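Here is the structure we will look at.
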Amino acid sequence: MSEFELLDPSGIPLGRPSTGSGAGGASPGAGAAGGGTDPLLDGLNPAQARAVTARGPALLIVAGAGSGKTRVLTHRIAHLIREREAWPSQILAITFTNKAASEMRERIEGLLGDAAQGMWISTFHSACVRILRREAERFGYVSGFTIYDSADSRALLKRIIKDLEADTYGFTPANTGSKISRLKNELSGADDYAATANESDPRDRLFVEIFRSYEQELRRANAFDFDDLIGQTVHLFRSHPDVAAVYQRRFRHLLVDEYQDTNHAQYALIRELTRPVEPEQVERLTPPARAAEIDAMGRIAAASLTVVGDSDQSIYAFRGADIRNIVEFERDFSGAEVVKLEQNYRSTQNILSAANAVIGNNFDRQEKHLWTAEGDGAKIVGFTGYSQHDEARFVAEEIEDLHREGVAYGDIAVFYRTNSQTRALEELLIRSAVPYRVLGGTKFYERAEIKDAMAYLTSIANPYDPIAWSRLLGAPKRGIGPMAEAQLANFQEERDISFHEAMLAAPDLGFGPKLRATITGLAELLHRAARMAAGLPSTASADGAAPEGDADSADDPAWAEGEKRPAPVADVLKLILDETEMIEKLRAKRDPQDEARAENLEELVAVAREFDVKNPGAGLLAFLTEVSLVAAADDLDDTSGTVSLMTMHTAKGLEYRAVFITGVEEGLLPHQMSVDEIGGVSEERRLMYVGITRARERLFLTLASTRAQFGDISVAMPSRFLQEIPEALIDWRQSPGEVTGRGGTESRALNAPRGGQGSASGSRAGRGATRTDSSVSFGASTAGRGGSGSAAVSEPASGNMQSALDKWRERKRLAKEAQRAGGGFPNLIDGTARDNGDLELTPGDRIRHDDYGEGRVTGVTGAGSKRIAHVVFDSVGERKLLVKLSPIAKVE
């Protein structure tokens, strides 16, 4: 059979004789064997059955969360094929992910077997690639064109921006690529943008030049970027109606999943594929059109369009998704039928009632009401903590309770609005020995921007660390290349001095004026920060003496006696971030991802400030030690999987037995940035709806009354979305009113210490040596530096440059291996810092925990850094603790 073989309206392939009253001429649903129940309709509810059998020019299936839309879509396709209303090759089914396309194909093959071969089931981009490769020569490309991924596009933009010196105007590959992508998804090219650009604005003029150069370079390379694939297909169809007619004739049934997430380019592609073939194009078709295909006006009728979606789950406006595509579907496609799938097969009624109550406050939606026949189920659990740590502790403890009740870790998920919220959650989960993974993101201390900032702090504490020093040189980029780095490193090794001292010797190493000034400026910043961290006046001279003429310092008894007063770690970190402008430079890129990175750095400042409050005077080394222990903790293994941590956007399409939605506060959910945007709060409400409907059996909503953000403690207000949920649906373990009613003077976590119960402050005081020995020490740094300032070293000859670079690279490689073997920060952990790696525990031992008080060990599992103590505490009952990190001590 030709892939272009056509069917007449009776369902019989054109040119074949009718076989009587068999399946060929049957009405939909007549394919059931022997007149009994139809296997494709058996088990479907009435709305689902209608969605499978409905026929017409256009069908909108409004599929509520958990309503079985994938089953409906696959059964509809199978029904079309079984009833011989379409050959498989005449069906185009579009999904948003390759995984979803693969799953749909497997389901249809399971229903029809080999009869399903030949369908196009793919993503928008995959379908367009197939079309473009067939038709590329029509518009000046060859079929073997290259597809640039995001990395390729960024590299090309980086070169163009450099050539045009556009970086001086704030252009970066990230913000420029984001803007170009947005324009292409609106089907706008460089010329279209230029027509509306402000000619008097140099940035607009420069962007047009960048955009044009980018398009020219892609064409020269016979390449498309990812956004071109759909846009170029639309342009192909519009500029070559004869090509469009081939595909309009071929695909008689077009089915699109997740229609609420389509952008303008995807909408335009659907419109092109569902236009009728006009008479002038009908005459040019090959093979020629047959009489049964042509209507009274001489056209081939438009393909039948089926879309599945839910306006209440449209949460990707920031990616260009246009909710109007689904809301205005009936206006765009006249004669469309609408079928609503409202029966939910996932969640309990209490969860669904909360979701209905929240989303009912939006007006840009198709009205529907989710319900289930499975019963009310457990109430939603609400909890308000005093801080995000109380909130995180509650989450960790509830997860352990669920696990003891038989819920696998893999069936539990924790959602949050922004990635910066993960830090407190990760720390408490690690200390509670709960295995977890971060979906669609990176663990807090593994994020590049956090590693960059930590590299400065590590180098300040240990100026001999080659890995930290090498990283900070390029964070942010400042023009210190690999050759200059290798020259400084080799000089440092030859003289046996610190890296900071090697940088101070830059004027004598033959560097050019600009590079020399950059290196010495950075060295002076590190020197100031190191003195601040060590509790020494930042204006002191390099040899550590009090500055001349500084009477106050000279007469200060504490200074005279050498008493050191370490500055708060947050102040040291703020100095670094302010001087390097790391946060400002990220925000200047005007890219959402860079804004998130800036928020993560501000969260790191909050981490440092919290540490300073809990450990006054402890100093930088103690902070780095605590962070390194948390960051270097191995992933815990568990036969029941791992708890999933993810943003609420990542949660779309997933489901879990138990879900925690954290940070349900004004400013987070809804996010502060959305409040002033048109439709922003409505989208945030849809995001809340998506989060709620991921839960099958148990739902927890948590918030904090105070939250550390941007380095400061601020009062957090309960989200407006909480107030939209009927009070009878929530079982408050601790309500917002209870928290504020206590006067805000102590921790609100359920198991937080009260009064004399082994308070955290009392137990931390026992760490003693951490405070007195936490100042920064540079070992032999001052002794090793002698004379380096006067020792002029000329730049190596060009023949030796590569060997110097290779030597430095090998040295870094060995240092990284040693770092990995030592757990992450090899030169930071000493005997004064808490590290329970050597603590031996056996069943029956009594221990004291900083927060939980005393308890008895009932068992120890795991080995090495993964040893877990199972303890029954007198005050809070059974708990699991990661021995290496938990604040515990044996009671003799």
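The values are calculated or read from the model by the stated rules, or taken from the named source; none is laboratory data. Keep in mind that what you see is a predicted model, and the values were worked out from it rather than measured. All Cβ positions, even for glycine, are placed from backbone atoms using ideal geometry, and neighbour counts span all protein chains on display.
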(Q) Step by step: first the residues of segment 131-172, then only those that are at pLDDT below 85 and in contact with a His (Cβ under 8 Å, 6 or more places away or on another chain), then the one that is nearest to residue 212 (Cα to Cα). Which residue is that? (A) 139
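Which fully enclosed helices (runs of 4 or more DSSP H) of segment 117-225 have 2 or more residues being over 23 Å from residue 322 (Cα atoms) and not aliphatic (A, V, I, L, M)?
Those helices (runs of 4 or more DSSP H) span 124-135, 150-163, 202-220.
Yes/no matrix, rows are residues, columns are (1) in contact with a Pro (Cβ under 9 Å, 6 or more places away or on another chain); (2) assigned by TED's automatic domain parsing to the domain that holds residue 61; (3) more than 22 Å from residue 703 (Cβ to Cβ):
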| residue | (1), (2), (3) |
| --- | --- |
| 329 | no, yes, yes |
| 334 | yes, yes, yes |
| 354 | yes, no, no |
| 357 | yes, no, no |
| 371 | no, no, yes |
| 374 | no, no, yes |
| 393 | no, no, no |
(Q) Given (1) of a type outside the set (Asp, Glu); (2) assigned to a helix (DSSP H, G or I); (3) at pLDDT 80 or above; (4) surrounded by fewer than 18 Cβ atoms within 10 Å (Cβ to Cβ), identify the lone condition not met by residue 510. (A) (2)
Q: Select from segment 202-222 the residues that are touching a Phe, Trp or Tyr at 6+ places or on another chain (Cβ under 8 Å), touching a residue at least 24 places away in the same chain (Cβ under 8 Å) and surrounded by 15 or more Cβ atoms within 10 Å (Cβ to Cβ) and list them in ascending order.
A: 206, 207, 210, 211, 218
Q: Could you list all residues from segment 856-877 that are out of contact with any Ser or Thr (no Cβ under 8 Å at 6 or more places or on another chain) and of a type outside the set (S, T, N, Q)?
A: 856, 859, 862, 863, 864, 866, 873, 874, 876, 877
Q.
Out of the residues in segment 26-61 meeting the condition of being loosely packed, with under 12 Cβ neighbours inside 10 Å and in a loop (DSSP other than H, G, I, E, B), tell me which one is modelled with the highest pLDDT.
A. 42
Q: Could you run through segment 353-374 and say how many residues are assigned to a helix (DSSP H, G or I) and either of a type in the set (Ser, Thr, Tyr) or farther than 17 Å from residue 340 by Cβ (or both)?
A: 4
Q | Lone qualifier among 247, 259 - being over 17 Å from residue 126 (Cβ atoms), modelled with pLDDT of 90 or more and touching a Phe, Trp or Tyr at 6+ places or on another chain (Cβ under 8 Å) | A | 259
Q | Pairs, first free of Cβ contacts under 8 Å to residues at least 60 places away in the same chain in segment 564-582, second part of a loop (DSSP other than H, G, I, E, B), C-beta under 7 Å, six or more apart | A | 565/535; 567/535
Q: Kindly establish whether residue 109 is in a helix (DSSP H, G or I) and out of contact with any Lys or Arg (no Cβ under 6 Å at 6 or more places or on another chain).
A: yes
(Q) Quick check on segment 88-106. Is at least one of its residues out of contact with any Leu (no Cβ under 8 Å at 6 or more places or on another chain), in contact (Cβ under 8 Å) with a residue 40 or more places away in the chain and farther than 16 Å from residue 653 by Cα? (A) yes
Q: Could you figure out which of (1) in contact with a Lys or Arg (Cβ under 7 Å, 6 or more places away or on another chain); (2) crowded, with 24+ Cβ neighbours inside 10 Å isn't true of residue 660?
A: (1)
Q. Restricting segment 242-287 to residues that are out of contact with any Leu (no Cβ under 8 Å at 6 or more places or on another chain) and aliphatic (A, V, I, L, M), which is surrounded by the fewest Cβ atoms within 10 Å (Cβ to Cβ)?
A. 285
Q. Mind checking which pairs have a first residue in segment 45-56 that is among the hydroxyl-bearing types (Ser, Thr, Tyr) and a second that is in a loop (DSSP other than H, G, I, E, B), Cβ under 6 Å, 6 or more apart or different chains?
A. 53/28; 53/29
Q) If you take the residues of segment 412-424 that are assigned to a helix (DSSP H, G or I) and of a type in the set (Gly, Ala, Ser), which of them is surrounded by the most Cβ atoms within 10 Å (Cβ to Cβ)? A) 424
Q) Of all the residues that make up segment 459-496, how many are at pLDDT below 85 and either closer than 14 Å to residue 519 by Cα or not in a helix (DSSP H, G or I) (or both)? A) 3
(Q) Looking at segment 675-730 only, could you name the residues that are part of a loop (DSSP other than H, G, I, E, B), of a type in the set (Val, Ile, Thr) and more than 17 Å from residue 379 (Cα to Cα)? (A) 678
Q: Have a look at 74, 95, 70 and point out the one that is surrounded by fewer than 22 Cβ atoms within 10 Å (Cβ to Cβ) and of a type in the set (Val, Ile, Thr).
A: 70
(Q) Considering only segment 577-587, I want to know if a residue exists there that is outside any helix (DSSP H, G or I) and either among the small types (Gly, Ala, Ser) or at pLDDT 75 or above (or both). (A) yes
(Q) Can you go through 427, 398 and tell me which one is touching a residue at least 40 places away in the same chain (Cβ under 8 Å), within 21 Å of residue 656 (Cα to Cα), of a type in the set (Asp, Glu) and buried (at least 20 other Cβ atoms within 10 Å of the Cβ)? (A) 398
Q: Go through segment 381-395 residue by residue and tally those that are part of a strand (DSSP E or B) and either surrounded by 24 or more Cβ atoms within 10 Å (Cβ to Cβ) or within 22 Å of the chain's Cα centre (by Cα) (or both).
A: 3
**Q.** Counted residues, segment 678-695 - those being touching a helix residue (DSSP H, G or I) at 6+ places or on another chain (Cβ under 8 Å) and either surrounded by fewer than 21 Cβ atoms within 10 Å (Cβ to Cβ) or not polar (S, T, N, Q) (or both)
**A.** 12
(Q) Testing residue 286 on (1) among the polar types (S, T, N, Q); (2) at pLDDT 95 or above; (3) part of a loop (DSSP other than H, G, I, E, B), one condition comes back false. Which one is that? (A) (2)
Q: Keeping to segment 610-624, report how many residues are surrounded by fewer than 23 Cβ atoms within 10 Å (Cβ to Cβ) and within 18 Å of residue 426 (Cα to Cα).
A: 2
Q.
Restricting to segment 469-484, count the residues that are crowded, with 20+ Cβ neighbours inside 10 Å and farther than 20 Å from residue 457 by Cβ.
A. 1
**Q.** Scope segment 837-864; condition within 35 Å of the chain's Cα centre (by Cα) and surrounded by fewer than 15 Cβ atoms within 10 Å (Cβ to Cβ); matching residues
**A.** 837, 861, 863, 864
Q | Total residues in segment 666-683, condition within 19 Å of residue 724 (Cα to Cα) and either of a type outside the set (D, E, K, R) or at pLDDT 95 or above (or both) | A | 12
